[in-house]
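Quick notes on the structure that follows.
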Amino acid sequence: MRYWRVPLDAEKVKIPRGEIHLIINRCKGCEFCVEFCPRDVLVMSKDYNVKGYHYPEVAVPDQCVNCDLCQVICPDFAIFCLPQDAEAKSDEEVKDGEG
Ligand code: SF4
Ligand code: SF4
């Protein structure tokens, strides 16, 4: 994607990465997640799940930006995304957050 100007804080912003998880047998093949993913990460599989539906698979994993749209839009809670570089917070950070 090409922007008409570079944001002033572009060098400080770190693009998040996500890891997609599928619960294949919950899927009913509606394709919402494939259709609305802003990064075209997902495609429909040619295989079937136990219910007889095609389900999505991850085509370009490194394009996922952990936006959670697929997770929010799925009517069957069959897909979710986790941050790829999630780090456990230290006890100190947790205490600071409480203050
Ligand atoms: S989290 Fe966002 S970018 Fe990643 S697969 Fe889902 S909709 Fe696409
Ligand atoms: S939105 Fe959910 S039910 Fe629809 S194809 Fe994607 S994973 Fe399957």
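The values are calculated or read from the model by the stated rules, or taken from the named source; none is laboratory data. For clarity, every value in this text was computed on a predicted model and none was experimentally measured. Note that we place each Cβ from the backbone using ideal geometry, even for glycine, and neighbour counts take in every protein chain shown.
In region 17-46, how many are basic (Lys, Arg) and more than 14 Å from ligand 1 (Cβ to nearest atom)? Final tally of qualifying residues: 3. Across region 44-71, the number of residues qualifying as among the hydroxyl-bearing types (Ser, Thr, Tyr), surrounded by fewer than 15 Cβ atoms within 10 Å (Cβ to Cβ) and in contact with a Cys (Cβ under 7 Å, 6 or more places away or on another chain) comes to 0. Annotation: Pro16 fulfils all but one of (1) outside any loop (DSSP other than H, G, I, E, B); (2) away from ligand 2 (no atom under 15 Å from the Cβ); the unmet one is (1).
The listed residues are Val43, Val65, Val72, and the only one of them that is part of a loop (DSSP other than H, G, I, E, B) and at pLDDT 95 or above turns out to be Val65.
Taken over region 18-43, the criterion of being crowded, with 17+ Cβ neighbours inside 10 Å and over 17 Å from Val72 (Cβ atoms) is satisfied by Ile24, Gly29. Going by the structure shown, is Ala59 away from ligand 2 (no atom under 13 Å from the Cβ), farther than 22 Å from Lys14 by Cα, at pLDDT 95 or above and under 19 Å from the mean Cα position of the chain (by Cα)? So Ala59 fits the description; yes.
Taking each residue of region 53-82 that is farther than 10 Å from Val41 by Cβ and aliphatic (A, V, I, L, M) and looking for partners that are assigned to a strand (DSSP E or B) and at pLDDT 95 or above with beta-carbon atoms closer than 6 Å, six or more apart or interchain, yields Ile79/Leu22; Leu82/Glu19.
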